[in-house]
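The values are calculated or read from the model by the stated rules, or taken from the named source; none is laboratory data. Computed from a predicted structure; not experimentally measured. As a convention, Cβ positions derive from the backbone with ideal geometry for all residues, glycine included, and neighbour counts pool all protein chains shown.
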Amino acid sequence: YFNKLVIQAGTQSRSGVGIRAAVKDVHAGVYGKVKVARALCYKRRKSIGPAKKNPIPANIDYDLWNGPADVQESIRGNQIDPVNETKSFGSVHYDWHWFWNYGGGDMCNQAIHEIDIARWFLNTHEVAPEVMSIGGRLSYSDCGETPNSVLAVYNYTSAPLIAEVRGLPSDGKMEGPMDKIHKWSKADIGIVIECENATIIVPDYHSAKAYDASGAVIKSYGKEASQVDMSGGASGHHANWFECIRAGSNSDIHAPLRECHISTSLVHAANISYRLGTKKNNGEITDAIKSSSGLSEAYNRMKEHLGVNGVKVDQSSLTLGIPLSVDPKTELFTGANSEAA
């Protein structure tokens, strides 16, 4: 029965015409070997306010809404910011992302899209054998539980995949701009693939550009988001699904369910590392990751970003996740921390 199902996962960037072309060139070795793949989720996430019991809206079947999760009292939604009484802190229908009972923060909400494409560029179809994360819910105090700042490293044998979640702005002001990893790129929510002979930037769900070391464009792939006809989904994601349904085959599906499962496993593994971690100061974290030059470089940038937002990393603000080993074939945790995970 299941062999007859044609399933398209919701990782719609895989249907981006420009992204598909860029991936093809990278896989063909046009720009040399991939040195590091970066998945960026620099997406502002404001405080959702203090814990406050709220009545369940009459139009919600709360048991159905909870699904398999534990039914807990609602402590969010319909809260009014005391500073600006016209502005709500958020709603039940979105803030569930920031509670472990229901969601996994922006690693599971947004960064999975960027991690999925970064892994696709690496041309690997398994979970990473080693995973570790660093992060925290920083700069403000609210009732949210999941981190708003995360740095996760996936040590694939071909090249590392480094994921960065930043919910705080670049200038310490919540209405301010978000960071850019390169001055000449548009990528704040996107992918950066550093190859031997070029850097590929994916700034949206549709297009990509290859740059040389000076920031000059070598090649452009596809149309940027503002130029894409979205009537058929993200660059034809739904159209591809319909075509495969008509053909009665999954062979040409752009986003196979198996690939989505792998990427989902990666974000969960990073969250597990974080949740089993311990708050450490800057010196302890620096010492723990010193063997990884790529992770150390990303951590130094993270520290600078957090400092602008008033976070004192010397005061054990960040949680250092435990290193996790995974068998890529069985997808089971192995090694010293396997039982805890």
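Among the charged types (D, E, K, R) and over 19 Å from H27 (Cα atoms): does that describe E145?
Yes.
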- Task: Could you grab me the full set of residues in the range 302-341 that are of a type in the set (D, E, K, R) and in contact (Cβ under 8 Å) with a residue 24 or more places away in the chain?
- Result: D314, D327, K329, E331
- Query: So which residues in the range 23-65 are of a type in the set (A, V, I, L, M, F, W, C), over 20 Å from the mean Cα position of the chain (by Cα) and part of a helix (DSSP H, G or I), if there are any at all?
  - Reply: V26, L64, W65
- Query: Given the residues C244, C260, which is the only one that is modelled with pLDDT of 95 or more and out of contact with any strand residue (DSSP E or B) (no Cβ under 9 Å at 6 or more places or on another chain)?
  - Reply: C260
- Message: Please go through (1) closer than 15 Å to V150 by Cα; (2) assigned to a helix (DSSP H, G or I); (3) at pLDDT 95 or above for E304 and return the number of the only condition it doesn't satisfy.
- Response: (3)
- Mind listing just one residue for me: the one in the range 240-286 that is within 20 Å of the chain's Cα centre (by Cα) and of a type in the set (S, T, Y) and, of those, surrounded by the fewest Cβ atoms within 10 Å (Cβ to Cβ)? S265
- Item | Cβ pairs under 9 Å, 6+ apart, first in the range 19-43 and at positive phi, second assigned to a helix (DSSP H, G or I) | none
- If you scan the range 145-176, which residues turn out to be aliphatic (A, V, I, L, M), outside any strand (DSSP E or B) and surrounded by 24 or more Cβ atoms within 10 Å (Cβ to Cβ)? L168
- Across the range 289-341, which residue is surrounded by the most Cβ atoms within 10 Å (Cβ to Cβ) among those that are farther than 23 Å from I181 by Cβ and of a type in the set (K, R)? K312
- Query: Quick one: how many residues across the range 267-294 are within 16 Å of V313 (Cα to Cα) and assigned to a helix (DSSP H, G or I)?
  - Reply: 7
- Task: Only residues in the range 147-173 that are over 23 Å from L276 (Cα atoms) count as the first member; pair them with residues that are among the hydroxyl-bearing types (S, T, Y), Cβ under 8 angstrom, at least 6 apart or cross-chain, and list the lot.
- Result: S158/T124; L168/S139; L168/S149
- Item | Flag for H113 being surrounded by 16 or more Cβ atoms within 10 Å (Cβ to Cβ), modelled with pLDDT under 95, under 16 Å from the mean Cα position of the chain (by Cα) and not charged (D, E, K, R) | no
- Note on the structure: Scanning the range 177-223 for residues that are among the aliphatic types (A, V, I, L, M), under 18 Å from the mean Cα position of the chain (by Cα) and outside any strand (DSSP E or B), the one modelled with the lowest pLDDT turns out to be I181
